[in-house]
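Visitor: First the structure, then my questions, so here it is.
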Amino acid sequence: MTVKDIFETMEYGPAPESAAEALAWLVDQGDRFGHFIDGHFTAPGDGFTSKNPANGEVLATLTQATQGDVNAAVTAARKAQPKWEKLGGHGRAKHLYAIARLLQKHARLFAVLETLDNGKPIRESRDIDVPLVQRHFYFHAGMAQLMDSELPDREAVGVCGQIIPWNFPLLMLAWKVAPALAMGNTVVLKPAEYTSLTALLFADICRKAGLPKGVVNVVTGDGAVGEMIVEHPDIDKIAFTGSTEVGRKIRQATAGSGKALTLELGGKSPYIVFDDADLDSAIEGLVDAIWFNQGQVCCAGSRLLVQEGIAGRFYDKLKVRMDKLRIGNPMDKCIDMGALADPVQLQTVRDMVEGCQDGEIHRVNAQLPAEGCFYPPTLITGLEPSHRLMQEEIFGPVLVSTTFRTPAEAVALANNSRYGLAATVWTENVNLALDIAPKLAAGVVWVNATNLFDAAAGFGGVRESGYGREGGWEGLQAYTKAKGGAKPIKPVLPYSGDRIDAEHVDRTAKLYIGGKQARPDGGYSRDVWSKSGKHLGEVPIASRKDIRNAVEAARGAAGWSKTTGHLRAQILYYIAENLSARADEFAQRIDSLSGHHGAKEVEASIRRLFTYAAWADKYDGQAKGVPIRGVALSMREPVGVIGAICPDEAPLLGLVSLMAPAIAMGNRVVLAASESMPLAATDFYQVLDTSDVPGGVVNILTGPPQDLAKTLAQHLDVDAVWSFSSSDISGLIERESAGNLKRSWVNNGMARDWMSSDGEGRAFLNAATEVKTIWVPYGE
């Protein structure tokens, strides 16, 4: 081909990247790997092969970990953790900095090995993955340095078990290992079975960086190894990135164990294009959203929503752009799309697309390589929102689409999903963009951009996309805990007695649902006795239907989440004012229930209401210092509907301590009152009635905590469940919450001093909010 021919055709010539250095490194290791435990590689054992998905060639043989290997890794991590934490923030920062520098020095080796092992184009490994890995270790070296001054009340969780997926093997390692080490934890990492090589190279880098033995341990193998890590009794925290199905099983397996848990799971992210968008830019963004890494991205913009008036023109432009995508050898620097990670995933994508009998399918008519796990970019238009492919994650280079007419319809379609990981909005109208972004059920929203990531900006989902954040200050919450040990809680059982005042005029306590007193649907009540055995009254026993009604009322009060913090603060102050006016009455009630400290508890409750009234308009988000010409806004949003099992030992203060932070942040609550002393709660709803609290914002039920907790945890319209009951129900809540992967915050049988600062503060505000990161680039 002549120069003239090249200019006339403008075809790309091959630009192959050499794999020689990466293959040489594999040869130097004998093409066989054991595990990395306690600072050294173990002898290779029985295992499996790691293959290049682009051509099927065997790269190395890896060892299948046994229970003994996992035990050894955990033992090494446990032994190393106290010394690593005592090294101090500056000492850890130096090690993280050394790792970051070595990652830079060996950047090309990591990029090539990642592409060989995973199948993604070398351009993506070289220009996106590896630089972000370096960025995470530099960023968290800084976090380690600042921990002592900025997080003086926090300490390391302990030993962290970390399980990462095959789509971003090295980047997911960095997202988990860097913050864990920065905060003083040690780790046992299990990379994905198919893509373990860069994790083993990273282990080699840790040796060179002088990382103390046992701080980082890597064990390889299939899902059974992950189960061993999840179920290991000496691991304090599990961090998992992967499928929603496996995440649900991990939630059930860790229920009641006391292990901290963060989950970053699947997604079906909407990509919304309004009719005023720059269509050419939106199409280029869409190429990155769905065909980046062959669509094997949890936050891929795989669900295209186009405004009806421009849909035809947009689809025509998109098909032209699709047909120009280059698919082939991922080691070629001119290639846009490489191979899927393994044959199993390739077959999954094929089966899902071939099973689609609806809509119009457009596949790129490209010559795919004869061997390897390749699949052409595919567009399916005209699908109904309820179609399986519009609802289920395909995890491949397949884009599905439908249209909308109005912004309100776009939001409704976007939120019509059980997932909530990310979303993209394209419009030239900044007012429209900033109106839509807060309405989307997603942990991350990109405006006129897509797939922007940085160590300073939190990433994570809502709904069945998991919980917890990775990156930023919010990401450190998952790897730290409050200093100081807690004591086991003593069960507080209902009192019994036989002293009944014959002249007593009964005041019937009821449930409080939707701003009204309501009789229990089941028609049952139980006696309430004082500590001295005197009959104080009766309270209803709430049933499943009562919980249903309370949750419906809370859902109906969604407008509360849209009110200003100033308005919510005024109402909290008003509640405190009205409680203060009846302080003597409530003090006497608490004295009659518990026998002491009534006045002190009422005064503490009033102070707590003032505290959260003060916080209502002050628990701010942040503008993150991300390396783009633009901003990443970290916004605090309400969780939604929170079911809370109140403490038994502090019948009024405990209820206020859970209700106040929740509603201050814009949530609606269904509160299960103290089982042993419920009459303080049924008196309190009279205060709510006179304090301008909208109906449905606060709902109060009485009954056995085990029954109420189970139903709340199972309810699909409840977004989170808290429990500080003295009953042993933490495991029950965590296990039952796995249904829709709602957030849970439980006491794990440990006591909390509600009279002290331990009973209030940022921990409660953090549990009452979700962090949404909104990326807004600017400039022409």
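The values are calculated or read from the model by the stated rules, or taken from the named source; none is laboratory data. As the structure is a prediction and not an experimental result, all values here were calculated from the model. Quick reminder, even Gly has a Cβ in these numbers, built from the backbone with ideal geometry, and neighbours come from all protein chains shown.
Visitor: What's the number of the condition ALA412 fails, among (1) surrounded by fewer than 24 Cβ atoms within 10 Å (Cβ to Cβ); (2) touching a Gly at 6+ places or on another chain (Cβ under 9 Å)?
Guide: Of (1) surrounded by fewer than 24 Cβ atoms within 10 Å (Cβ to Cβ); (2) touching a Gly at 6+ places or on another chain (Cβ under 9 Å), only one is false for ALA412: (2).
Visitor: Here's a follow-up. What pairs can you find where one residue is in the range 308-333 and touching a residue at least 40 places away in the same chain (Cβ under 8 Å), the other is crowded, with 16+ Cβ neighbours inside 10 Å and of a type in the set (Phe, Trp, Tyr), and their Cβ atoms are less than 8 Å apart, with a gap of 6+ or different chains?
Guide: Going by the 8 Å Cβ cut-off, the qualifying pairs are GLU308/PHE404; LEU325/TRP291; ILE327/PHE374; GLY328/PHE374.
Visitor: Sticking with this structure for a sec: Looking at the structure I just gave you, is ASP204 charged (D, E, K, R) and part of a loop (DSSP other than H, G, I, E, B)?
Guide: no
Visitor: Any residue at all in the range 582-590 that's under 29 Å from GLY565 (Cβ atoms) and surrounded by fewer than 18 Cβ atoms within 10 Å (Cβ to Cβ)? Explain how you work it out, then say what you get.
Guide: Pass one, the range 582-590, residues under 29 Å from GLY565 (Cβ atoms): 582-583, 586.
Cutting the leftovers down to surrounded by fewer than 18 Cβ atoms within 10 Å (Cβ to Cβ) gives us 582-583.
Looking for residues that are under 29 Å from GLY565 (Cβ atoms) and surrounded by fewer than 18 Cβ atoms within 10 Å (Cβ to Cβ), one finds at least one in the range 582-590, hence yes.
Visitor: Is it the case that ALA65 is touching a helix residue (DSSP H, G or I) at 6+ places or on another chain (Cβ under 6 Å) and without any contact (Cβ under 8 Å) to a residue 60 or more places away in the chain? Lay out the reasoning, then the answer.
Guide: Working: touching a helix residue (DSSP H, G or I) at 6+ places or on another chain (Cβ under 6 Å): yes; without any contact (Cβ under 8 Å) to a residue 60 or more places away in the chain: no.
Against the criterion (touching a helix residue (DSSP H, G or I) at 6+ places or on another chain (Cβ under 6 Å) and without any contact (Cβ under 8 Å) to a residue 60 or more places away in the chain), ALA65 does not qualify.
Visitor: Within the set of pairs 6 or more residues apart or between chains, which connect a residue that is under 16 Å from ASN293 (Cα atoms) inside the range 156-171 to a residue that is assigned to a strand (DSSP E or B) with Cβ atoms less than 6 Å apart?
Guide: Close Cβ pairs satisfying both conditions: PRO165/THR241.
Visitor: Please verify whether GLN517 is of a type in the set (S, T, N, Q), part of a strand (DSSP E or B) and either modelled with pLDDT of 90 or more or surrounded by 17 or more Cβ atoms within 10 Å (Cβ to Cβ) (or both), treating the condition exactly as stated. I'd like the intermediate steps shown before the answer.
Guide: Details: of a type in the set (S, T, N, Q): yes; part of a strand (DSSP E or B): yes; either modelled with pLDDT of 90 or more or surrounded by 17 or more Cβ atoms within 10 Å (Cβ to Cβ) (or both): yes.
Spelling it out, GLN517 is indeed of a type in the set (S, T, N, Q), part of a strand (DSSP E or B) and either modelled with pLDDT of 90 or more or surrounded by 17 or more Cβ atoms within 10 Å (Cβ to Cβ) (or both).
Visitor: Still on this model: Sort out which residues of the range 61-77 are surrounded by fewer than 23 Cβ atoms within 10 Å (Cβ to Cβ) and part of a strand (DSSP E or B), and write them in order of number.
Guide: THR61, THR63
Visitor: Which residue pairs have Cβ atoms closer than 6 Å, lie 6 or more positions apart in sequence or on different chains, and pair a first residue in the range 228-241 that is of a type in the set (Ser, Thr, Tyr) with a second residue that is buried (at least 24 other Cβ atoms within 10 Å of the Cβ)?
Guide: THR241/ILE164; THR241/MET172; THR241/GLU264
Visitor: If we keep just the residues of the range 14-43 that are among the hydrophobic types (A, V, I, L, M, F, W, C) and surrounded by fewer than 13 Cβ atoms within 10 Å (Cβ to Cβ), which is modelled with the lowest pLDDT?
Guide: That would be ALA15.
Visitor: Output the residues belonging to the range 733-757 that are touching a residue at least 12 places away in the same chain (Cβ under 8 Å) and over 19 Å from GLN706 (Cα atoms). It would help to see each step written out before you state the result.
Guide: We begin by selecting, within the range 733-757, every residue touching a residue at least 12 places away in the same chain (Cβ under 8 Å); these are 733-752, 754-755.
Those that are touching a residue at least 12 places away in the same chain (Cβ under 8 Å) and over 19 Å from GLN706 (Cα atoms): ASN740, LEU741, ARG752, TRP754, MET755.
Visitor: Then there is this: What number of residues in the range 219-261 are of a type in the set (Val, Ile, Thr) and either in the same structural domain as TRP745 (by TED's automatic domain parsing) or touching a Cys at 6+ places or on another chain (Cβ under 9 Å) (or both)?
Guide: Selection size over the range 219-261: 3.
Visitor: Here are the criteria: (1) over 30 Å from VAL187 (Cβ atoms); (2) free of Cβ contacts under 8 Å to residues at least 60 places away in the same chain. Tell me which single one PRO16 does not satisfy.
Guide: Among (1) over 30 Å from VAL187 (Cβ atoms); (2) free of Cβ contacts under 8 Å to residues at least 60 places away in the same chain, PRO16 violates only (2).
Visitor: So PHE274 clears everything in (1) in the same structural domain as PHE41 (by TED's automatic domain parsing); (2) in contact (Cβ under 8 Å) with a residue 40 or more places away in the chain; (3) not β-branched (Val, Ile, Thr) except one condition, right? Which one?
Guide: With (1) in the same structural domain as PHE41 (by TED's automatic domain parsing); (2) in contact (Cβ under 8 Å) with a residue 40 or more places away in the chain; (3) not β-branched (Val, Ile, Thr) applied to PHE274, the lone miss is (1).
Visitor: Has the range 244-265 got at least one residue that is surrounded by fewer than 20 Cβ atoms within 10 Å (Cβ to Cβ) and more than 23 Å from the chain's Cα centre (by Cα)?
Guide: Scanning the range 244-265 turns up no residue that is surrounded by fewer than 20 Cβ atoms within 10 Å (Cβ to Cβ) and more than 23 Å from the chain's Cα centre (by Cα).
Visitor: Also, quick follow-up: Evaluate the range 351-371: report whether one residue or more is under 18 Å from SER269 (Cβ atoms) and touching a strand residue (DSSP E or B) at 6+ places or on another chain (Cβ under 6 Å).
Guide: For the range 351-371, residues under 18 Å from SER269 (Cβ atoms) and touching a strand residue (DSSP E or B) at 6+ places or on another chain (Cβ under 6 Å): absent.
Each row is one residue, and each column tells you yes or no for (1) of a type in the set (A, V, I, L, M, F, W, C); (2) within 23 Å of ASN740 (Cβ to Cβ); (3) at pLDDT 95 or above; (4) buried (at least 20 other Cβ atoms within 10 Å of the Cβ).
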position: ASP358; (1), (2), (3), (4): no, no, no, no
position: ALA408; (1), (2), (3), (4): yes, no, yes, no
position: ARG418; (1), (2), (3), (4): no, yes, yes, no
position: VAL425; (1), (2), (3), (4): yes, no, yes, yes
position: LYS439; (1), (2), (3), (4): no, yes, yes, no
position: TRP446; (1), (2), (3), (4): yes, no, yes, yes
position: PHE453; (1), (2), (3), (4): yes, no, yes, yes
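Visitor: Would it be correct to say that VAL430 is at pLDDT below 95 and over 27 Å from MET337 (Cβ atoms)?
Guide: So VAL430 fits the description; yes.
Visitor: I would also like to ask the following. Only one of (1) touching an Asp or Glu at 6+ places or on another chain (Cβ under 6 Å); (2) closer than 15 Å to ALA768 by Cα fails for LYS545. Which number is that?
Guide: That leaves (2) as the condition not met.
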